[in-house]
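Down below is the structure, laid out as structure tokens.
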Amino acid sequence: MQGPNGSNTVPKNELTEKQLLPTADITDILRLISRAEPIDVLLQKVVTTAAKNFGIKRMVLCLLDERTGVFSPKVVHGFPIDKVLAIKRHTYTLDRKQGELKDNMLVGRGTYYVRAEDRAWGANDDLDYILDPVSITKPRQDATDWHNLDSMVHVMTDRLGNWIGWIEINEPAGGKVPSSDVIERIQLLADLTGIAIENSKMFEEAVQAMTESQAYLDLIIHDIGNMVNPMIYYLDAVQESTTLDSRNHDCIKKAASVATAAKSLIDNVRKLSEVRSSEFVPKERMDLREVLVRGISAVKRDFPAKDIIVSLDCPDKECVVVADDLINDLFINILHNAVKYNHSSAADVEVAVTDSHDVWTVKIADHGIGISDERKPKVFSRFSKRPEGVAGTGLGLSIVASLVERYNGIIHVRDRVPGSSAEGACFEVAFPKAQSNEQTNGQGQMGTAVVDAHDHW
């Protein structure tokens, strides 16, 4: 039917509305767009939601292919398989589709009702949408009846109002023209679907970017790392040669230093990657004393040329926190700095664990060059500036900060001697105590490290 101004109108059909939509489950629609899912999965769920909530027997969802600039059917519902295959071969340009949908066909916001009486047959492939070719010649019996040549197009747009696709109704339930209320609700679904499609595209782009980033990380960590290790070996071997003059020997020494720094950078990138990728790795009850003993032993192995003296002051009881194996890297990084930033041939480090009401606090104090008041606020930032003449990547303490946050802890740095930054630094790390009802990962009761409460290395 046409109104006084020549535009299509939807006949009143209150009975049909009650039959088609006793309860429109809007929660299904809202749940649909709240998830960032692959687009193919999303589109299938949109069609399923529309069919279930609005009683649609046959429908097609078309989507814009941004690479080709044409629209094509992505989901076909309610058609036999031979029709599905034929319909999915169709393509539409924006000009063609907008040319078919005249202003006088608008029956709602973004919805076009193409009646059989107004249809212009521009292509034979339109017959692919018709299940019973004989019925197309039959007249409409009543204004509320749905004719086999009818279609209703609900346009989907992006946030800027550009067409990105449409939901086309080819046969509503009951063989009746949907009421205005139903039309508006389906258009709401189309609007929300447009938003969901954009969200899914951003999700897929983010996943692709993460995948590419991980590939670059793997390249740095594994491939380049495998090149650096033999480079260090051969440079060390060349340095032992007695045939090099002093100038060449100095160049080889510098090259070895650069290669060692590159290996350190690769190791730190690996650690950062592990922190992020293992965010949801199960944690377990761990004794800080055992962790610190392992860290101290590792640092002494890593600096064989230095005379390292570490004192460890620990309570007699277990100092249990909830963490994972990366907590070892946390303390090894701090202990490494305590030795590396001490330019003398010997390095003294004091380590103490103190018991507060609900936290364990670890203090690691060194006798190195210290950290100026200007640098203290920035020392945990990634790529923070290092002291003059000190090699490194600037990643170590940012890894420490990330791990402390991972274990719901707090880290702070101060002067070992208050008011005198040149006398060395003191790092304080506080962790929540593990509660007695927190389970281990199946290892039973924790063991005790073989170390006295007050020990020295």
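Note on LYS317: lysines with a C-alpha under 17 Å away, same-chain residues under 8 apart excluded, are LYS433.
Taking label points 7 Å from Cα along the Cα-to-Cβ direction, GLN435 and CYS251 give a separation of 6.5 nm. Rounded to the nearest whole Hz, the Karplus-based 3J(HN,Hα) values (6.51 cos²θ - 1.76 cosθ + 1.60, θ = phi - 60°) of the range 133-148 follow the sequence x, 5, 6, 5, 8, 7, x, 6, 7, 8, 4, 8, 6, 8, 8, 4, with x at glycine and proline. Along the range 333-345 the Karplus relation, 6.51 cos²θ - 1.76 cosθ + 1.60 evaluated at θ = phi - 60°, assigns HN-Hα couplings of 4, 5, 5, 4, 4, 4, 8, 4, 8, 10, 7, 7, 6 Hz to successive residues, with x for each Gly and Pro.
Strictly over 31 Å apart at the Cα level, which of LYS253/LYS283; LYS88/LYS138; LYS45/LYS97; LYS254/LYS283; LYS57/LYS102; LYS74/LYS176 would you flag in this model? Cα-Cα > 31 Å for LYS253/LYS283; LYS254/LYS283; rest within. List the residues of the range 319-349 whose backbone N lies under 18 Å from a point placed 7 Å from the Cα of SER297 along the Cα-to-Cβ direction. The answer is 319, 325-333, 335-336, whose backbone nitrogens lie closer than 18 Å to the label point. Within the shell defined by Cβ-Cβ distances under 13 Å, the residues around THR93 carry a net charge of -1, with Lys and Arg each +1 and Asp and Glu each -1. Placing pseudo-labels 7 Å out from each Cα toward the beta carbon at LEU244 and LYS102 gives an inter-label distance of 8.8 nm.
Database remark: amide H of TRP360 closer than 5 angstrom to the amide H of PHE431, LYS433 (H placed geometrically; neighbours at sequence offset of 5 or more, or on other chains; Pro and chain starts carry no H). Label-to-label distance for ASP236 and GLU374 is 3.8 nm, based on points extended 7 Å past Cα in the beta-carbon direction.
Coordinate-derived values only; no laboratory data. Predicted model, so just to flag it, every value in this text is computed and none were measured. A quick note on method: Cβ atoms are made from the backbone with ideal geometry, for glycine too, and the neighbour counts reach across all protein chains shown.
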